[in-house]
Amino acid sequence: MTRSILVVDDQPDLRLLIRLTLRALGEVSQAASAEAALARLAESVSDLLILDVWLGEGISGLELCRQLKDTPGMQGMKIMLLSACGQQSDLAAGLAAGADHYMVKPFSPEALVEAAAALLR
């Protein structure tokens, strides 16, 4: 069974880098905003959501994480938050929002693959 991963980040370069890094783990699709992610997830729920905390305009990654964890049918989806903010309070906020993992940018491709693979197990 192929795993599905959705990468949500407002930076196209980073979306591409993450997609290329994780393609060995499954089918990787991408969205540039929380709204685009919600539209994709309405069509089909991903196994793993890689979600930037700050998405520019609109809904933040933290808010989207909170919404998805409260949505029937979406609770089984694993969510990894990515953020340049690495203070203890940032990690606590991410985990309080329901994230299964919080990774601080910049990160190594190896660390990303390792964390994503663990969440998909």
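The values are calculated or read from the model by the stated rules, or taken from the named source; none is laboratory data. It should be emphasised that the depicted structure is a prediction, and the values quoted were computed from it without experimental measurement. Neighbour counts are summed over all protein chains in view; Cβ atoms, including those assigned to glycine, are modelled from backbone coordinates with ideal geometry.
Could you say whether any residue in the range 12-33 is at pLDDT 95 or above, farther than 25 Å from E110 by Cβ and in contact with a Gly (Cβ under 6 Å, 6 or more places away or on another chain)?
yes
Any residue that is of a type in the set (A, V, I, L, M), in contact (Cβ under 8 Å) with a residue 24 or more places away in the chain, more than 19 Å from L20 (Cα to Cα) and crowded, with 19+ Cβ neighbours inside 10 Å - is there at least one of those in the range 66-75?
Looking through the range 66-75, at least one residue is of a type in the set (A, V, I, L, M), in contact (Cβ under 8 Å) with a residue 24 or more places away in the chain, more than 19 Å from L20 (Cα to Cα) and crowded, with 19+ Cβ neighbours inside 10 Å.
Can you find a residue in the range 29-38 that is closer than 18 Å to C85 by Cβ and not hydrophobic (A, V, I, L, M, F, W, C)?
no
Within the range 89-104, track down each residue that is touching a strand residue (DSSP E or B) at 6+ places or on another chain (Cβ under 7 Å) and under 14 Å from Q75 (Cα atoms).
Of everything in the range 89-104, those that are touching a strand residue (DSSP E or B) at 6+ places or on another chain (Cβ under 7 Å) and under 14 Å from Q75 (Cα atoms) turn out to be G98, A99, D100.
Among the residues of the range 65-88, are any acidic (D, E), at pLDDT 95 or above and out of contact with any strand residue (DSSP E or B) (no Cβ under 6 Å at 6 or more places or on another chain)?
no
State the number of residues belonging to the range 1-24 that are touching a residue at least 60 places away in the same chain (Cβ under 8 Å), surrounded by 19 or more Cβ atoms within 10 Å (Cβ to Cβ) and not in a loop (DSSP other than H, G, I, E, B).
Number of matching residues: 4.
Would you be able to tell me the number of residues in the range 92-105 that are in contact (Cβ under 8 Å) with a residue 12 or more places away in the chain and either farther than 13 Å from L51 by Cβ or of a type in the set (S, T, N, Q) (or both)?
Looking only at that region, the number is 2.
Scan the range 31-52 and give yes if some residue there is of a type outside the set (A, V, I, L, M), under 24 Å from M1 (Cβ atoms) and in a strand (DSSP E or B), otherwise no.
Checked the range 31-52: no residue is of a type outside the set (A, V, I, L, M), under 24 Å from M1 (Cβ atoms) and in a strand (DSSP E or B).
Would a scan of the range 111-120 turn up a residue that is at pLDDT 95 or above, at negative phi and in contact with a Ser or Thr (Cβ under 8 Å, 6 or more places away or on another chain)?
Yes, some residue in the range 111-120 is at pLDDT 95 or above, at negative phi and in contact with a Ser or Thr (Cβ under 8 Å, 6 or more places away or on another chain).
Of everything in the range 52-64 that's within 11 Å of E35 (Cβ to Cβ) and surrounded by 21 or more Cβ atoms within 10 Å (Cβ to Cβ), which residue is modelled with the highest pLDDT?
It comes out as L64.
Could you figure out which of (1) exposed (fewer than 15 other Cβ atoms within 10 Å of the Cβ); (2) modelled with pLDDT of 95 or more; (3) under 28 Å from T2 (Cβ atoms); (4) among the charged types (D, E, K, R) isn't true of D100?
Answer for D100: the failing condition is (1).
Looking only at residues that are more than 12 Å from the chain's Cα centre (by Cα) and in contact (Cβ under 8 Å) with a residue 12 or more places away in the chain in the range 42-51, which one is surrounded by the most Cβ atoms within 10 Å (Cβ to Cβ)?
V45
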